[in-house]
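The values are calculated or read from the model by the stated rules, or taken from the named source; none is laboratory data. Note that the structure is predicted; figures quoted are calculated from it, not measured. With ideal geometry, Cβ positions are generated from the backbone for all residues, glycine too; neighbour counts draw on all protein chains shown.
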Amino acid sequence: MKRIIYSCLSLWLLQSCGPYIPIQEPAYSANRASAVETPEVLLSVQHLHNQFNHFVFDMEITNQGSLNVPIQPHHNVSYYASSRPFPKHDRQHDIHAQSMSHSLILSKRLYARAPDFVVQMVDQKLKNRATAQAVFALVGVGLVVYDAVKDSEDNRKETWTYADSRKAASREAAIAGAFIASDVAGASADQAAEDAHFLPHEVFPDITLTPRAQQRGKIFLPIENNYRFLRLVVSLPQGDYVFDFKRQGTQK
C-alpha cells in the first residue's frame, strides 16, 4: 500500500523539474524567453514548465514576409538534448546533422506533439486521475472497515501487547495514506480538468500564417531524459531557427 502511495506521489512530483532558460542568460536568470528575427519571421519561444512527462513551451510566430508560412508543430518543431553545451550553430552546415551528433537522447531528435494528440492526452490523464482518486478513496474506506473489525477484536482481548499497538498504528497510517493519496489524486484530477477545458484554445495549432499574421500557443515536447542542455529547432520554409537552452542554475 505504501509503495503504491509513494509511486503516485512521486509521479506528480517528477512533473516539476527545473525550468530551461536561454543559454546566454546568467545561471539563475528568471528570463526564459528567447527570440530571433529575420525579414521573414519574428519568432520567440519560452519554457513554461514540465507537464504530463512533456516539456511545455510557449511559442509565438509573426509572419513579417510577403509569403504564407505553413507550420505544424509535429513536423516543424523538434529538439535535441545533451549533458554538454551544443556547438555554436554555423549556418554553413546542416544544423540537424550537427546537433544530432551531439545529442544524447536515444532517438537523437524528438518532435513536438500534434495538437490533436495533446488534447486527447490531457483528456486521458483526466480520466486516469479521476479513477485513481476513486480507487484510493475505496481503499481508504475498506481499510477503515478492516480497522474497525480489528479494533473490536482487540477490545475483547484481556491483554494489550506492544505488537498489538504497532499493528493498530500501522492500520491508522495506511488509512491516512490512502486518503492523502486520494486527495492528491483529486487535486491532480481537478488540475487536469482545468487543463482539458482551456488547452484546446491554448495549444499551438496546425496553421498557415498569411503575411502580417501572428500565432501563439503551447507546444508539447516528449521528455525522454531531462538533460542539462536543450536545443529547440523550428524548421520553416525560410530556414531553421535555433534556440539553445540550459537548465536554470547550470553554468555554461
**OP:** With a cut-off of at least 2 residues that are at pLDDT 55 or above, under 23 Å from Q64 (Cα atoms) and out of contact with any helix residue (DSSP H, G or I) (no Cβ under 9 Å at 6 or more places or on another chain), name the strands (runs of 3 or more DSSP E) lying wholly within segment 174-252.
**Re:** 207-209, 214-222, 239-247
Original post:
Do the conditions hold for L48, that is, is it free of Cβ contacts under 8 Å to residues at least 60 places away in the same chain and either of a type in the set (A, V, I, L, M, F, W, C) or more than 16 Å from L221 (Cβ to Cβ) (or both)?
Top reply: no
**OP:** Please work out if H93 is farther than 21 Å from Y20 by Cα, surrounded by 13 or more Cβ atoms within 10 Å (Cβ to Cβ) and in the same structural domain as S235 (by TED's automatic domain parsing).
**Re:** no
Original post:
Using beta carbons and a limit of 7 Å, which pairs, at least six apart or on different chains, have the first residue in segment 51-80 and of a type in the set (V, I, T) and the second one buried (at least 23 other Cβ atoms within 10 Å of the Cβ) and not in a strand (DSSP E or B)?
Top reply: V77/A112
**OP:** Grab the strands (runs of 3 or more DSSP E) fully contained in segment 45-162, keeping just those with 1 or more residues being in contact with a Phe, Trp or Tyr (Cβ under 6 Å, 6 or more places away or on another chain) and either modelled with pLDDT of 90 or more or farther than 30 Å from H201 by Cα (or both).
**Re:** 54-63, 77-82
